[in-house]
Every structure is written in structure tokens, then in C-alpha cells.
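The values are calculated or read from the model by the stated rules, or taken from the named source; none is laboratory data. Since the structure is predicted, the reported quantities are computational estimates derived from the model, not experimental observations. Quick reminder, even Gly has a Cβ in these numbers, built from the backbone with ideal geometry, and neighbours come from all protein chains shown.
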């Protein structure tokens, strides 16, 4: 018999992490015709989760939402018209529940899990069948729970612009050791690309090289890392793809690193805001394509999962794993930047 209650968190207000409230017996609503009830085994955190209760997230959110976009679990029950899944299937959540294929639009933008739609920081959750994908067979739940946002964002950065999708022998520049950046390193290497990564320490440089980076530049020692990255490319012409996570504080160097007709994919602004930002004319004078993106579609997710299985790619996960009741501590741990790779929650045994 399917459960009727679940332990879950909600975001009530925008007063920082104190806005997170824990409910030991939240009601599980009856399944609709196309709904799938998932027992969530694991979830992972993203920077987005941290800024929602701080009132700094620029996309749609609703009051009292269950936070968390990333989760992996087992199908517990299905609605009468569900055809894609059956009880016992292992599944992973889609970030934008309505983004099935092609470009994001206003309707699918308003279906972000853990913002506009109840998310994964709970024991059980009901999702429309089109808002789930099958879990890669080579991953466990903790690993699979990291795919929904960071991995799919990295995949979209490299392959989402189909006319300029990553090809063998091209050069990719990544920034730092966050989830998106490390996934981008792994995906690029699996595709036969050369990877140049930036970081701030020798210790992190070793880990980046372990996971495939061909060159690592310490941006503290080399402030003009964009020019240095360009020198490392064949013929010194520049990199084909920049996975830009820093935002305004790093864009100038990203532009210097890119080759003519290169692509810069802007996926974050963890570096904060700077006064001396490049202008749109810099994109013209350097003949670049600069695109913003928000995660990716279900079709891209399924493509990515096939690549993960074929290349036996395993996400990099922080050694510290939190339980569901310790979510506030997990938020603070990540906010203090104590994590390396993806930070996960173990919610229920597989």
C-alpha cells in the first residue's frame, strides 16, 4: 500500500536558511492519471537552492515550495494512464518539468522543480511521468541524484547549440571545481576534446587532472588566465567552448580565451558582480557567440544518460553526505564552500 504521509522541507519566506521548515507528516496527495510516486533515495544541492530562501533567485518560485531540483529514487506507484514507468523502476528528476525538447519557453520556464513546483527534499514525491527519466544503469542513487541540474547544464553548454556542438579535437575551457565545471571536464574528455581548467589551488588542480583536465591554470597566480589559456591551444587561436560559471567577474578573461566564432555559455554568476564588465560590442569585435542557458530538456537528459552509461562516467561527490533532517546544516556547509564536487543527501536506503 502506498504511503499517505512524507517527511519534507518547505521554504516559508525569504529570511535565509531559517526559512527552511521541516514537516514530519506532510500529506501525500492522490496521484493523477499521469503521475508517478517516487520514493526518493538521494538528492543533491545546487547553488540555486541556497539563494531561493535568501530571496535572490531570478526565476519563478511559489510560497511554501518543497525545495530541491535533483533527486533519484524508485517508482512506488503510478497513475492509471502512466506508460513510461512501472513500480520498481529507478528514476531521476527533470529540472524544468515541462521542458521536454527544443528551446525553453515561458511555459516550461515556470515548471522549475524546487522553485515553481515541489521538489526533492522529501521522502516521497509525485511527479508527472514526463518529468522523470530512467536512472543510468552504471550509477547508484547518490551519483544519479547529481545529474538533474549540474550535469545537464554542462551537457547543454557543450551540445545544446547544435550548429556548434562539441567535436573531437576541439578545446574546452572550464572554471573552478563546482559541479557543472567538473561534469564539463568529464563530458569533454569522453568526447575526445582537450580541456583547460582554472582553479585556485594546487590541491584542486590535482583533482581536475585526475578527472581529465589536460592543463590547469591557477587564476590566483595568473590573473590573465584567459590569455594563458589561448596560448595553450593549437596555433594559439583560442578555445572553442567556454563554460562560464563566474559571471561578470570572469567574462573579460573568457572572451580573451575564446577563438574567433567560439562559444561562451553563461550558466552562473558565482563570482558575484563586477563594475568593469565586457559589453555586447566585445562579442562583436571578438566574433563570439555568447549564450545564457538554464539546465536542459528531457531529450538532452536522455542523450546525456546514454553517454554516461557508454563511457562509464561517475559524478564527483563530496565525501560528506547529509541526511534529510540535517538539510539546514548541508545548506550552510555548501554556503561556506566546504564541499568539493556535488553535495548530496541520503534520504532513504536503496
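Per-structure values
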read-out: Residues being surrounded by 22 or more Cβ atoms within 10 Å (Cβ to Cβ) and more than 18 Å from residue 96 (Cβ to Cβ) - total across the stretch 145-162; value: 1
read-out: Selected residue [surrounded by fewer than 17 Cβ atoms within 10 Å (Cβ to Cβ) and under 17 Å from residue 299 (Cα atoms)] from 102, 112, 98, 131; value: 102
read-out: Subset of the stretch 93-110 [closer than 24 Å to residue 29 by Cβ, assigned to a loop (DSSP other than H, G, I, E, B) and at pLDDT 95 or above]; value: 94, 95, 97, 98, 99, 100
read-out: Number of the exception - residue 50 against (1) over 22 Å from residue 330 (Cβ atoms); (2) touching a helix residue (DSSP H, G or I) at 6+ places or on another chain (Cβ under 7 Å); value: (1)
read-out: Residue in the stretch 233-244 that is in contact with a helix residue (DSSP H, G or I) (Cβ under 9 Å, 6 or more places away or on another chain) and either within 24 Å of residue 334 (Cβ to Cβ) or at pLDDT below 95 (or both) present; value: yes
read-out: Condition check for residue 86: closer than 25 Å to residue 309 by Cβ, free of Cβ contacts under 8 Å to residues at least 40 places away in the same chain and surrounded by fewer than 23 Cβ atoms within 10 Å (Cβ to Cβ); value: yes
read-out: Yes/no for residue 233 being touching a residue at least 24 places away in the same chain (Cβ under 8 Å), surrounded by 24 or more Cβ atoms within 10 Å (Cβ to Cβ) and farther than 16 Å from residue 153 by Cβ; value: no
read-out: Residue match in the stretch 43-54 (condition: assigned to a strand (DSSP E or B) and within 18 Å of residue 325 (Cα to Cα)); value: yes
read-out: Tally, over the stretch 217-244, of residues that are within 19 Å of residue 192 (Cβ to Cβ) and under 24 Å from the mean Cα position of the chain (by Cα); value: 5
read-out: Which listed residue, of 55, 68, 13, is assigned by TED's automatic domain parsing to the domain that holds residue 134 and buried (at least 20 other Cβ atoms within 10 Å of the Cβ); value: 68
read-out: Given (1) outside any loop (DSSP other than H, G, I, E, B); (2) at pLDDT below 95; (3) surrounded by 15 or more Cβ atoms within 10 Å (Cβ to Cβ), number of the condition residue 319 does not satisfy; value: (3)
